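Chemist: I am attaching a structure below and will ask some questions about it afterwards.
The values are calculated or read from the model by the stated rules, or taken from the named source; none is laboratory data. Just so it is clear, the model here is predicted, and its values are computed rather than measured. Cβ: placed from backbone, ideal geometry, glycine included. Neighbour counts: every protein chain shown.
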């Protein structure tokens, strides 16, 4: 306990707030590529599980891109057996996922504490795992990392699968974390992932089969001193039957495990949904308490299945009437013994003719009785396995779920809701598909899965105005609409990169695949700034306002720039946007000077003083001129301020 507390205290993330939203709490678990923390989403006030990638992964740009892409794909999975992904983020290189918090334990805890489990209990735990994988496979998502640690069991018993897509994000990088991932999950790795790195839905089926083996036996099928040895075993050795460790396991359970874990993926169930159907058949046989079911075992056994496919024999999935036809060369005669074909064996060869032998009547009667008894026994067994235990699936299509259930009950069958799907032809609420299909064989007292129509698939165009272009594309992608023509325009009010307008309009109902056209802002239109330095301020002000700018002005004296002209302009080049400000400094001409006092001075002296002060002189004679050439007055007067060059009028006597 002390070590755990010390570790929590020393953890660099505990107590931090990531992305300004998630307050990191206690560490929950640590794996090969990430550590999981309990965290508080402060924005929505809820507890989440925060999966934080190990240091170094965030430095790889390619990993970051794939991490985001896979997280988005996983977030689209909405299923009761899938751990929901709420958010993904990058806090200065710390990549993380915010996920549904599932208090409880993992399947690893169950295996450690309870395995080996009874077959029925093991299959009951596997069914929700396959349900989650079926939803993923239907959406084109392969998990790639099915293992007990990724199967969570909540306190109320709900089983949920976590980490969809993360294995793909990690294994596509060159980081050393990939090696850790391989070492951590090699016990569940499909052979094709070892040999060439390829994966499809059947790879998940293989891992689920290994999971079932471990639930049944408490052990992994392949062991070794190094991960490479274990990986080699997956490629070169078959998974042994679980009954080799637990002899009480029925043969059809052995066959189920070995079918799912066939080294050649062509022999495995095509995806989790097909595997789930096989699991339901086996679970039904267990519920009937059958120690063996030769037909079920034969259907699931890989070599026999291949023989049947090669010979054209019907394996029981598509058989409708419960009988197998054989092309005999001639009708059987009274001296021919027909050996009945038993499920699970190859078809017999030509009928054997037996020449009649003369016998004593007593011995002949005994032989006849024996032959009849054998024929009756074999025939009864064939009837029981071929007819008595099975019936045909009724036609339940285009009925409401309630009506389909009632019709199935009339022939002793149960129904279960598999899922809902969209249909252009089947009205909402009606059955659009059954598993098994109409006419296919189903066990009496068995179960028929119903796929109910959600009606035509339609979506409403979301409100995209003002939304970032990438977010708008993701919004359309999430409801299966396609981003059509993107037109970029300058806009004075909508920031660059955001949607100005779109068509069709908001709330329009559309089919999947329809296009939505977007008009996206380039931001404000840039305007070239013309330089008006040295030009008349009046002309500059008019031109700048016409271009869309606001104009500021200050006036100042200048010795060199004439009054009314622009001394300087800020800015005087480059580009601005509408309503941006251009500042002008306008000349008031040279600074004012004080006019000298020249009264009572001789005219020549007065003229010299004024000229030296920078003024011009104009002489006027008084009306009663005395001829003295004395200045009697001046205008502007002495001490007044005037610009250099101003004319000073002097009056002389």
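Chemist: Which of the residues belonging to segment 162-203 are farther than 22 Å from residue 237 by Cα, surrounded by fewer than 22 Cβ atoms within 10 Å (Cβ to Cβ) and at pLDDT 55 or above?
Modeler: Within segment 162-203, 168 is the sole residue that qualifies.
Chemist: Of all residues being surrounded by 18 or more Cβ atoms within 10 Å (Cβ to Cβ) and outside any helix (DSSP H, G or I) in segment 61-79, which is modelled with the highest pLDDT? Just the residue, please.
Modeler: Among residues in segment 61-79 that are surrounded by 18 or more Cβ atoms within 10 Å (Cβ to Cβ) and outside any helix (DSSP H, G or I), the one modelled with the highest pLDDT is 79.
Chemist: Then there's this: Is it true that some residue in segment 29-38 is at pLDDT 80 or above, closer than 29 Å to residue 212 by Cα and surrounded by fewer than 17 Cβ atoms within 10 Å (Cβ to Cβ)? Outline the logic, then answer.
Modeler: Filtering segment 29-38 for residues at pLDDT 80 or above gives 29, 35-38.
Within this subset, residues satisfying the condition of being closer than 29 Å to residue 212 by Cα are 29, 35-37.
Keeping just the survivors that are surrounded by fewer than 17 Cβ atoms within 10 Å (Cβ to Cβ) gives 29.
Within segment 29-38 (the criterion being at pLDDT 80 or above, closer than 29 Å to residue 212 by Cα and surrounded by fewer than 17 Cβ atoms within 10 Å (Cβ to Cβ)), the answer is yes, since at least one residue qualifies.
Chemist: Specify the residue that is modelled with the highest pLDDT; the eligible residues are those in segment 414-451 that are outside any strand (DSSP E or B) and in contact with a helix residue (DSSP H, G or I) (Cβ under 9 Å, 6 or more places away or on another chain).
Modeler: Step one: list which residues in segment 414-451 are outside any strand (DSSP E or B), which gives 422-429, 436-440, 444-446.
Keeping just the survivors that are in contact with a helix residue (DSSP H, G or I) (Cβ under 9 Å, 6 or more places away or on another chain) gives 429, 436, 444-446.
On the way: 429: 92, 436: 88, 444: 83, 445: 84, 446: 86.
Ranking the candidates gives 429 first.
Chemist: For segment 103-113, check the following and say yes or no: at least one residue is assigned to a helix (DSSP H, G or I), surrounded by 15 or more Cβ atoms within 10 Å (Cβ to Cβ) and modelled with pLDDT under 90.
Modeler: Within segment 103-113 (the criterion being assigned to a helix (DSSP H, G or I), surrounded by 15 or more Cβ atoms within 10 Å (Cβ to Cβ) and modelled with pLDDT under 90), the answer is no, since none of the residues qualifies.
Residue by residue, here is whether (1) in a loop (DSSP other than H, G, I, E, B); (2) farther than 30 Å from residue 593 by Cα; (3) at pLDDT 95 or above; (4) touching a helix residue (DSSP H, G or I) at 6+ places or on another chain (Cβ under 7 Å) holds:
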| position | (1), (2), (3), (4) |
| --- | --- |
| 491 | yes, yes, no, no |
| 502 | no, yes, yes, no |
| 505 | yes, yes, no, no |
| 516 | no, yes, yes, yes |
| 519 | no, yes, yes, no |
| 551 | no, yes, yes, yes |
| 559 | yes, no, no, no |
| 563 | yes, no, no, no |
| 566 | no, no, yes, yes |
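Chemist: Restricting to segment 521-549, name every residue that is closer than 30 Å to residue 464 by Cβ and assigned to a loop (DSSP other than H, G, I, E, B).
Modeler: Of segment 521-549, the ones closer than 30 Å to residue 464 by Cβ are 521-527, 548.
Listed by number, the residues that qualify are 522, 523, 524, 525, 548.
Chemist: Does residue 12 satisfy the criteria of being more than 21 Å from the chain's Cα centre (by Cα), at pLDDT 75 or above and in a strand (DSSP E or B)?
Modeler: On the way: more than 21 Å from the chain's Cα centre (by Cα): yes; at pLDDT 75 or above: yes; in a strand (DSSP E or B): no.
The answer is no for residue 12.
Chemist: List pairs: first in segment 406-420 and in contact (Cβ under 8 Å) with a residue 40 or more places away in the chain, second part of a loop (DSSP other than H, G, I, E, B) and surrounded by fewer than 19 Cβ atoms within 10 Å (Cβ to Cβ), Cβ under 7 Å, 6+ apart or cross-chain?
Modeler: 408/394
Chemist: Right, another one. In segment 240-267, how many are assigned to a loop (DSSP other than H, G, I, E, B) and surrounded by fewer than 23 Cβ atoms within 10 Å (Cβ to Cβ)? Can you show your working first?
Modeler: Kept after step one, since they are assigned to a loop (DSSP other than H, G, I, E, B), are these residues of segment 240-267: 240-241, 245-250, 261-264.
So of that shortlist, the ones also surrounded by fewer than 23 Cβ atoms within 10 Å (Cβ to Cβ) come out as 240-241, 245-250, 262-264.
Residues meeting the conditions: 11.
Chemist: Sticking with this one: Just to be sure I understand the filter: pairs with C-beta atoms under 7 Å, separated by 6 or more residues or on different chains, first member in segment 103-114 and touching a residue at least 24 places away in the same chain (Cβ under 8 Å), second member surrounded by fewer than 13 Cβ atoms within 10 Å (Cβ to Cβ). Which pairs pass?
Modeler: Short answer, once both residue conditions are applied: 103/155; 104/155.
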